[in-house]
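Okay, structure first, notes after.
The values are calculated or read from the model by the stated rules, or taken from the named source; none is laboratory data. The structure presented is a predicted model; accordingly, all values stated were derived computationally and were not measured. A quick note on method: Cβ atoms are made from the backbone with ideal geometry, for glycine too, and the neighbour counts reach across all protein chains shown.
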Amino acid sequence: MPRIGVVSDTHGLLRPEAEAFLKGSDVILHAGDIGSPEILERLSAIAPVNAVRGNNDVGAWADALPEVALLQIEDVRILLLHDLAQIEERAETRDAGVVVSGHSHKPALRTVDGVLYLNPGSAGPRRFTLPVSVAELTVSGASIDARIVELPVPGKRLRRR
């Protein structure tokens with residue numbers, strides 16, 4: 001049963017708590033706004049990485065990344081993209097059982113019309129009152145389980161007033 005570690009919006013910061021969570025993953029998915037090629041190198045030391053380019057990923061290293069990736073893990077097709085708002089433009093969505101996105105920094109897990117939508121939130125710098133989080137998918141044949149995990153990172157959440 002493959003374990004898929006899922007991160008997004010690291011923005012150049014790969015926290016040790018995120019690395020610890022990802023250890024033991026068979027594959028890692030990064031849904032964009034990576035921040036630097038060093039993040040991908042560090043993730044690749046843990047497991048093979050599939051990553052897409054986010055709107056803040058710039059430079060030659062980022063240009064080499066696709067905007068969208070369609071993966072097959074066992075009997076599950078996973079569509080990986082950064083901004084869920086771009087999904088309507090993608091023909092690949094028709095065949096996906098799971099859609100993984102980032103961009104909003106808001107962790108979310110929901111099923112719509114039989115398709116699982118997962119946003120792991122941001123594993124990088126904290127933004128406003130949002131948690132620092134990651135996710136995992138476990139696949140068995142055509143069955144998939146998903147969970148989002150808030151990381152116990154030092155510092156307080158900033159409360160908006």
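Are any of the residues in the range 14-25 among the basic types (Lys, Arg), farther than 18 Å from Leu137 by Cα and in contact (Cβ under 8 Å) with a residue 60 or more places away in the chain? If you could, list the steps in order and put the result at the bottom.
Our first condition is that a residue be among the basic types (Lys, Arg); within the range 14-25, this holds for 15, 23.
Subsequent filtering for residues that are farther than 18 Å from Leu137 by Cα retains 15.
Imposing the further condition that a residue be in contact (Cβ under 8 Å) with a residue 60 or more places away in the chain reduces the set to 15.
Within the range 14-25, one or more residues are among the basic types (Lys, Arg), farther than 18 Å from Leu137 by Cα and in contact (Cβ under 8 Å) with a residue 60 or more places away in the chain.
This table checks each residue for (1) among the polar types (S, T, N, Q); (2) assigned to a loop (DSSP other than H, G, I, E, B).
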position	(1), (2)
Ile46	no, yes
Asn50	yes, no
Asn55	yes, yes
Trp61	no, no
Gln72	yes, no
Ile87	no, no
Arg94	no, no
Ser104	yes, yes
>> Can you tell me how many residues within the range 74-85 are more than 19 Å from Ala123 (Cα to Cα) and either outside any strand (DSSP E or B) or of a type in the set (Val, Ile, Thr) (or both)?
In response: 5
> Tally time: how many residues in the range 51-68 are buried (at least 19 other Cβ atoms within 10 Å of the Cβ) and under 14 Å from the mean Cα position of the chain (by Cα)?
Replying inline: 4
>> Going through Ser44, Ser101 one at a time, which residue ends up being touching a Ser or Thr at 6+ places or on another chain (Cβ under 8 Å) and modelled with pLDDT of 95 or more?
In response: Ser101
>> I need the full set of residues from the range 14-30 which are out of contact with any Pro (no Cβ under 7 Å at 6 or more places or on another chain), assigned to a loop (DSSP other than H, G, I, E, B) and not hydrophobic (A, V, I, L, M, F, W, C), in order please.
In response: Arg15, Lys23, Gly24, Ser25
>> Within the range 55-114, take every residue that is hydroxyl-bearing (Ser, Thr, Tyr) and in contact with a helix residue (DSSP H, G or I) (Cβ under 6 Å, 6 or more places away or on another chain) and give me the one that is nearest to Pro131 (Cα to Cα).
In response: Ser101
>> Which numbered condition in (1) within 19 Å of Val100 (Cα to Cα); (2) touching a residue at least 40 places away in the same chain (Cβ under 8 Å); (3) assigned to a helix (DSSP H, G or I) is the only one that His11 fails?
In response: (3)
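Which of the residues that make up the range 124-156 are β-branched (Val, Ile, Thr), touching a residue at least 60 places away in the same chain (Cβ under 8 Å) and either touching a strand residue (DSSP E or B) at 6+ places or on another chain (Cβ under 6 Å) or surrounded by fewer than 12 Cβ atoms within 10 Å (Cβ to Cβ) (or both)? Lay out the reasoning, then the answer.
From the range 124-156, those β-branched (Val, Ile, Thr) are 129, 132, 134, 138-139, 144, 148-149, 153; that's our starting set.
Keeping just the survivors that are touching a residue at least 60 places away in the same chain (Cβ under 8 Å) gives 132, 134, 138-139, 144, 149, 153.
Those that are β-branched (Val, Ile, Thr), touching a residue at least 60 places away in the same chain (Cβ under 8 Å) and either touching a strand residue (DSSP E or B) at 6+ places or on another chain (Cβ under 6 Å) or surrounded by fewer than 12 Cβ atoms within 10 Å (Cβ to Cβ) (or both): Val134, Thr138, Val139, Ile144, Val149, Val153.
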> How many residues does the range 31-42 contain that are in contact with a helix residue (DSSP H, G or I) (Cβ under 7 Å, 6 or more places away or on another chain) and either in contact (Cβ under 8 Å) with a residue 60 or more places away in the chain or hydrophobic (A, V, I, L, M, F, W, C) (or both)?
Replying inline: 1
